[in-house]
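What follows is a short report on a single structure.
Read-outs throughout are calculated quantities, based only on the coordinates presented, and are distinct from any laboratory measurement. It should be emphasised that the depicted structure is a prediction, and the values quoted were computed from it without experimental measurement. Every residue, glycine as well, gets a Cβ built from its backbone with ideal geometry; the counts of neighbours run over all protein chains shown.
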Amino acid sequence: MVKTPSYRERDYAFGQALMTLRTAIGMTQEGLAELLGISRQAVVGWEAGSSYPLAKHFKHFLTLCVQQQAFPPGHEADEIRTFWKAAHQKVLLDENWLAGLLGDLRASAVPALSEPIGETNTADQAPARSVPAPRIDWGDALAVPTFYGRAREMELITLWFLRITAR
């Protein structure tokens, strides 16, 4: 009889995606664990790709991500569906829950005006709150092989290179 290993392949892609979202919403592993009512080791396991969250914890995490606008605007539903599949959940994604979650997002994005907009005094305005930066995929970014605005540094590097190659 052949003995099979008791371990399974780690899902590094899922773990990396989860960690990227967690950091995008400004949460630590410990903070997320506390918020979800689980151990920090559970979050570590998810990010290491050695385990997956339970559906109820995953829904709570996705809700936080939507509230903090961690997904690209207009693509939230597709991102959540893809992430749900990647998490190997034992239950199908509840489309009614997703529609309600995204409906709440859209409702809060367009507040109803109770009064007409008038002129505002800058002294009366509240300071701007910081909004999380949108996720950026640099995969198709242009290669910039030169130093813009760094003429002195470029000259220095060129001198070093010429000295090394002249030897």
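Key figures
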| read-out | value |
| --- | --- |
| Under the Karplus curve 6.51 cos²θ - 1.76 cosθ + 1.60, θ = phi - 60°, whole-Hz ³J(HN,Hα) for segment 80-89, x wherever Gly or Pro sits | 5, 4, 5, 5, 4, 5, 5, 7, 6, 5 |
| Sequence ranges 90-100, 57-67, ranked by mean other-Cβ count within 10 angstrom, highest first | 57-67, 90-100 |
| Neighbour-count ranking [beta-carbon atoms within 10 angstrom, fewest first] of SER51, SER39 | SER39, SER51 |
| In order through segment 8-22: 3J(HN,Hα) via Karplus (6.51 cos²θ - 1.76 cosθ + 1.60), integer Hz, x for Gly, Pro | 10, 4, 7, 9, 5, 4, 5, x, 5, 4, 5, 5, 4, 5, 4 |
| Added length on full extension, which subtracts the Cα-Cα distance from 0.36 nm per residue, GLU95 to VAL44 | 15.5 nm |
| Normalised alpha carbon radius of gyration of segment 12-109 [divisor 2.2 N^0.38 Å] | 1.01 |
